Amino acid sequence: MSFSQAIGNLTGESTLLYQEIARRVEKEKGIKTINFGIGQPDVVTFKRIREEAKKALDEGYTGYTPAKGIDELRQKIADFLSQKYGDIIKKDEVIITPGAKTALFLAFLLYINPGDEVILFDPAFYSYAEVVKLLGGKPVYVNINFNKEKGFYIDIDDLNSKITVKTKMIVLNNPHNPTGMVFEPKQIIEIQEIAKERKIILLSDEIYDYFIYEGEMRSVLQDSGWRDYVIYINGFSKTFSMTGWRLGYVVAKKEIIDKMGILAANIYTCPTSFAQKGALAAFDSFDEVKEMIKLFKKRRDVMFSELSKIKSIEVYKSPGAFYIFPNMEEVVKKVGSSKELAIKLIEEAGVITIPGEVFPLNVGKNFLRFSFAIDEDKIKEGVKRIKDVIEKIV
Ligand code: PLP
């Protein structure tokens, strides 16, 4: 029996493959690998959130909820963002989803027709392109350039040149996975202006918005006219270390949220009931979030200084998210590709990194992504092991 044509469009490779290779190497060599490949904070979900969810379970809050999520949580998110961005966002402009990934899926599903073009910045979170292709859309890539002094920046001229009559959507991710960049507010404003003027939907994934170590982040919700063109995505996974709870959300004008509610009801019914109750306490957990960010900043500094000791690579001290994305061109050239380098580092150093190629095209092909959501001793040990292997290569 043949699979659907939609599935045939999927070619991308998930970051999980490298975890699988690591498991094989651990078994074969009897070593413990160090994991710089993870995309989640290593702290357990904060206590009061767990307590709230437990209470909900004990009180029997185990049935379906409304498709768009429970009113209290939608209202909490609306109030929180209203206060943060000085606008009045209403509950009806929020839908809770099973993770930000599902939020993204609903947004693509709502707008992409076969043949529509979707602008992605390259490198990009791998699943954007996969879902666009699944729906018959065409990812069109705009470069994120790298400069050792400035870091990563969006090529606005490239963006302008890639827009056609078929462009339906621009997908922005800020702070950025995999580069760890927080884009300059001026760049975000330029992108917003282009989207508005050319009547293109701006899908903005701001899931790392609390992971900022330096500089200022601009949210697309800071434009008072956002309702005309913005779909805003965020979630609980990263900020509150709730990856397994599967809770994300969308903010958009009511008409969009209503349509998403219909999709939700038909695809997954609702987000998990007691998880939503737990998430109500997330908004009282910002002291814990601050502590976590302080810890991550320290780890980022350690990882940056350790990686900087490897002469043949170019490292930029990322101001956001929990990734460092060094340029390893000299090493990649010797090994063949970033994928081959990542596999070599698992096999010979026992360290997992994610090759830039999976994110998904040209710009990242000489880079590796290192996550610093791991403790300091492991960061030191892992980078030292990598340094030894790399020094033998170059
Ligand atoms: N967006 C980006 C940029 C991510 O890096 C991730 C997770 O790695 C997600 C979305 C998915 O988040 P969630 O766990 O809420 O589905």
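The values are calculated or read from the model by the stated rules, or taken from the named source; none is laboratory data. Source: prediction; values computed, not measured. Neighbour counts run over all protein chains shown; Cβ positions are idealised from the backbone, glycine included.
Selection over region 179-219 of residues that are modelled with pLDDT under 95 and crowded, with 23+ Cβ neighbours inside 10 Å gives a count of 0.
What residue, among those in region 82-116 that are of a type in the set (V, I, T), away from the ligand (no atom under 16 Å from the Cβ) and surrounded by 17 or more Cβ atoms within 10 Å (Cβ to Cβ), is nearest to K68 (Cα to Cα)? Among residues in region 82-116 that are of a type in the set (V, I, T), away from the ligand (no atom under 16 Å from the Cβ) and surrounded by 17 or more Cβ atoms within 10 Å (Cβ to Cβ), the one nearest to K68 (Cα to Cα) is I89. From the list K54, K27, K101, the lone residue that is within 22 Å of the chain's Cα centre (by Cα) and part of a helix (DSSP H, G or I) is K101. Taking the criterion of being under 23 Å from I188 (Cβ atoms) and either surrounded by 17 or more Cβ atoms within 10 Å (Cβ to Cβ) or within 16 Å of the ligand (Cβ to nearest atom) (or both), the residues of region 132-150 that qualify are V132, P139, V140, Y141, V142, N143, I144, F146.
Would you call A275 assigned by TED's automatic domain parsing to the domain that holds T179, within 16 Å of the ligand (Cβ to nearest atom), in contact (Cβ under 8 Å) with a residue 40 or more places away in the chain and in a helix (DSSP H, G or I)? Yes; evaluated as a whole, the condition is true for this residue. When V335, V383 are screened for being hydrophobic (A, V, I, L, M, F, W, C) and out of contact with any strand residue (DSSP E or B) (no Cβ under 9 Å at 6 or more places or on another chain), only V335 passes. Of everything in region 241-272 that is outside any helix (DSSP H, G or I) and of a type in the set (S, T, Y), the residue that is surrounded by the most Cβ atoms within 10 Å (Cβ to Cβ) is Y249.
Restricting attention to region 226-240, which residues are assigned to a loop (DSSP other than H, G, I, E, B) and either in contact with a helix residue (DSSP H, G or I) (Cβ under 7 Å, 6 or more places away or on another chain) or not assigned by TED's automatic domain parsing to the domain that holds V94 (or both)?
Y229, F236, S237, T239, F240
For region 135-217, give me every one of the strands (runs of 3 or more DSSP E) that falls completely inside it and has 2 or more residues that are of a type in the set (S, T, N, Q), without any contact (Cβ under 8 Å) to a residue 60 or more places away in the chain and within 24 Å of F108 (Cβ to Cβ). Step through it out loud before you land on a result.
Details: elements: 138-147, 151-154, 167-173, 201-205.
Once the strands (runs of 3 or more DSSP E) in region 135-217 are filtered for at least 2 residues that are of a type in the set (S, T, N, Q), without any contact (Cβ under 8 Å) to a residue 60 or more places away in the chain and within 24 Å of F108 (Cβ to Cβ), what remains is 167-173.
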